[in-house]
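So the structure is just underneath, and the comments pick up after that.
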Amino acid sequence: MEAIKRLFRRITSSTEKRTISFGENDRQYVHIYLPRDHTPSKGVIPLLIFVHGGAWVSENVGMYSDLAQHIASKGIAVALPEYRLTRYKDVTPENPNTIWHPNHLEDVYEGIRTVYAKAESLGYRTDQTVLVGHSAGGYMNLAMALDSTKANDGKSDDLIRDLPQLEAFIVKSIKAFVCVESIFSLVDMLKQYPTYNYFTTPAFYPPNSLSSAKEPYFELEKAGPESWPLYPSGSYHPTNPDMPNLHIIHSSEDSLLNSDYNEVGMKLLRSKGLNLSVDLQSFKGDHEDLLHTRPFWDRLISIVQSS
């Protein structure tokens, strides 16, 4: 135990954290971890962005400081954008501040824009970004790996709101997407795990229309990769050598999303034409435990170095 404490102190002392706000809410900020004393004059370093999960209703970036510090200690800038959460107590028709889809994704996008805007002054490159997302964060990754705005049909009476658009130059700069124990299709997830509507219902349906959701996945296909095509040729495309790799990583001991759900999700993604790199066996630990292991951190470092 003492050896672990010494290692953590050494890693902590070799990195530094910058916190940058991008909105008025106390969850609209991004943590950027850098090697200590790094400056642009020392040369630019690669960038990894990590989007946390928590089913749109829980968790925070502070839970992953160990991941960020370890990777930053290896000479990689690590950015963790925070986002507003759906709070059950706030989900009422009378509350104008209710957070629901796609507010979470809007914050992640704004956090990423902030990270890119600070690149020159903080000394990291943004032309070979690796974007990592866990669980619900993996779902948000897919909204960037695929053209999620194509599900928008402009109908004002839809329960599921249209998704925002991230600037093309940012999407093109992402050289690898990593989905870790990811949520893929919301519909497929609810068919296999019906009780998970405890978080999808408040997170995705407007408060004044919750009773309109006649089944637990009513219209949710619009909010998932079922409705998202590849970006057109010219941005990135399966025939384009610059197309990002999509890495699927999943612990064999995950108790929240099992291998059957993974198989359905990967079949869906392959049908879109995405190039997948899949690892369902190398890592151990339950749904969140994997994220705090040295082998997982080293895999992310390897992906950054090969991108």
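The values are calculated or read from the model by the stated rules, or taken from the named source; none is laboratory data. Every value quoted in this text rests on a predicted model; they were computed, and no experiment measured them. Note that we place each Cβ from the backbone using ideal geometry, even for glycine, and neighbour counts take in every protein chain shown.
Which pairs turn up if I take residues in segment 105-128 that are under 30 Å from Ala223 (Cβ atoms) and look for partners that are among the acidic types (Asp, Glu) and modelled with pLDDT of 95 or more with beta carbon separation below 7 Å, at least 6 apart in sequence or on another chain?
Gly111/Glu82
Looking at segment 85-108, which of the residues that are touching a helix residue (DSSP H, G or I) at 6+ places or on another chain (Cβ under 8 Å) and closer than 30 Å to Ile301 by Cβ is surrounded by the most Cβ atoms within 10 Å (Cβ to Cβ)?
Ranking the candidates gives Val108 first.
Restricting to segment 127-149, what's the tally of residues that are out of contact with any strand residue (DSSP E or B) (no Cβ under 6 Å at 6 or more places or on another chain) and modelled with pLDDT of 95 or more?
Total satisfying the criteria: 3.
Out of the residues in segment 181-207 that are assigned to a helix (DSSP H, G or I) and in contact with a Ser or Thr (Cβ under 7 Å, 6 or more places away or on another chain), which is surrounded by the fewest Cβ atoms within 10 Å (Cβ to Cβ)?
Pro207
Restricting to segment 250-264, and then to whatever is part of a loop (DSSP other than H, G, I, E, B) and touching an Asp or Glu at 6+ places or on another chain (Cβ under 7 Å), can you tell me which residue is surrounded by the most Cβ atoms within 10 Å (Cβ to Cβ)?
That would be His250.
Test Tyr193 against the stated conditions and say whether it is at pLDDT 90 or above and over 26 Å from Ser65 (Cα atoms).
Criteria met by Tyr193.
So if I check each of Leu47, Leu67, which one is within 24 Å of Leu257 (Cβ to Cβ) and either surrounded by 19 or more Cβ atoms within 10 Å (Cβ to Cβ) or at pLDDT below 95 (or both)?
On inspection, the qualifying residue turns out to be Leu67.
Give the residues of segment 38-71 that are touching a strand residue (DSSP E or B) at 6+ places or on another chain (Cβ under 8 Å) and either part of a loop (DSSP other than H, G, I, E, B) or of a type in the set (Lys, Arg) (or both), sorted by residue number.
His38, Val44, Pro46, His52, Gly53
Would you mind stating whether Thr129 is surrounded by 21 or more Cβ atoms within 10 Å (Cβ to Cβ) and closer than 16 Å to Val30 by Cβ?
For Thr129, the condition - surrounded by 21 or more Cβ atoms within 10 Å (Cβ to Cβ) and closer than 16 Å to Val30 by Cβ - is met.
So, in segment 83-99, of the ones that are over 23 Å from Met63 (Cβ atoms) and among the polar types (S, T, N, Q), which residue ends up modelled with the highest pLDDT?
Ranking the qualifying residues of segment 83-99, first place goes to Thr98.
Examine segment 234-247 for a residue that is among the aromatic types (Phe, Trp, Tyr), at pLDDT below 85 and over 20 Å from the mean Cα position of the chain (by Cα), and state whether such a residue exists.
Looking through segment 234-247, none of the residues is among the aromatic types (Phe, Trp, Tyr), at pLDDT below 85 and over 20 Å from the mean Cα position of the chain (by Cα).
Considering only segment 150-174, state which residues are modelled with pLDDT under 90, surrounded by fewer than 15 Cβ atoms within 10 Å (Cβ to Cβ), of a type outside the set (Gly, Ala, Ser) and under 18 Å from the mean Cα position of the chain (by Cα).
Gln165
Applying the selection to segment 273-290, what residues are under 27 Å from Glu226 (Cβ atoms) and either in contact with a Leu (Cβ under 6 Å, 6 or more places away or on another chain) or in a helix (DSSP H, G or I) (or both)?
Gly273, Leu274, Leu276, His287, Leu290
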